[in-house]
Amino acid sequence: MAFAAHPALSQNKGDPGEIRGLKLGLKAQTMTTDGFSEFACGSNGGPARQKLDDWTGYMKCRAEPNGLHEVNVRFEDEQEYIGRAIDDDRYADQKSSTRVAGHPVILSALFDDGGTLKGLRFITDPRGSELERRMAHMLRLAVINRYGPGNWNCTDFPAAEGETPVGGVFVKQRCEKVTPERWLTVEAHFLRKPGQTGTDANGEYRPGQYESWTRFEVFDPALRKPEPQASATPR
């Protein structure tokens, strides 16, 4: 599941790059729309908001507390277009164009007021299949490996009241890595929340009764501010 194995993230050796040519420092006015579609204002992992024509519409998107404007996009996918055109389920069922390391994601680019790309964000898409959603927390491993396993500062948080493992596995982790070029954070959960259970009253399996996701962000390190000391012990 390494990033380099997926075309959306393949880069020259030694340059981790980011996603399909999206890199910090680009200007919205000069960024290509080739390979991207469905431009819209983002909502931090939620539904797309106001539709946009291209990257340059970023100022129509309400600024986040950090001052950046989130533009949500999808990867264009040839097979998906074929499926739509000929109404063939063999293609249409492959509606999976926006993927990172095999995981369906919600992808956003974040711009400052001057139109400089200052951040990228992807969050595993909860609309994926049951198997994809269950495996969503595994994306964090691909992120960590892609940007080098060294010098990550990871915190494993304890279970809150009522939170339990899924099949003996409990993940509630946040990792951070800072380099001169990037401020990287990746967070993942795989757990049952209070009231969730794997079976019903008759002992039958209840699909989807858990929380599984990964959130990855890469920002200009100049945006990083000191954070309060975490309650869990970093490793």
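The values are calculated or read from the model by the stated rules, or taken from the named source; none is laboratory data. Bear in mind that the values here come from a model prediction, so they are computed numbers and not experimental data. All Cβ positions, glycine included, derive from the backbone under ideal geometry; neighbour counts span all protein chains shown. Surface areas here come from the heavy atoms of the whole protein model, side chains and all, with no ligands, DNA or RNA. Shrake-Rupley method; radii C 1.70, N 1.55, O 1.52, S 1.80 Å.
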Inset, instruction - Could you look through the range 76-98, keep only residues that are surrounded by fewer than 21 Cβ atoms within 10 Å (Cβ to Cβ) and under 24 Å from L26 (Cβ atoms), and pick out the one that is modelled with the highest pLDDT? - result: E76
Inset, instruction - Inspect the range 110-131 for any residue being at pLDDT 95 or above, small (G, A, S) and open to solvent by 30 Å² or more (accessible area, probe 1.4 Å) and give the result as yes or no. - result: yes
Inset, instruction - Scan the range 191-235 for residues that are assigned to a loop (DSSP other than H, G, I, E, B), under 21 Å from E161 (Cβ atoms), at pLDDT 65 or above and open to solvent by less than 40 Å² (accessible area, probe 1.4 Å) and jot them down. - result: G198, Y210
Inset, instruction - Find all pairs meeting these conditions: Cβ atoms under 6 angstrom apart; at least six residues apart or on different chains; first residue within the range 101-112 and under 17 Å from Y58 (Cα atoms); second residue hydroxyl-bearing (S, T, Y) and modelled with pLDDT of 95 or more. - result: F111/Y58
Inset, instruction - Report whether or not E181 is crowded, with 17+ Cβ neighbours inside 10 Å, among the charged types (D, E, K, R) and out of contact with any helix residue (DSSP H, G or I) (no Cβ under 6 Å at 6 or more places or on another chain). - result: no
Legend entry - Unmet requirement for K13, which otherwise passes all of (1) open to solvent by less than 80 Å² (accessible area, probe 1.4 Å); (2) of a type outside the set (S, T, N, Q); (3) at pLDDT below 85: (1)
Legend entry - Every residue from the range 17-30 that is modelled with pLDDT of 95 or more, surrounded by 15 or more Cβ atoms within 10 Å (Cβ to Cβ) and assigned to a loop (DSSP other than H, G, I, E, B): L24, L26
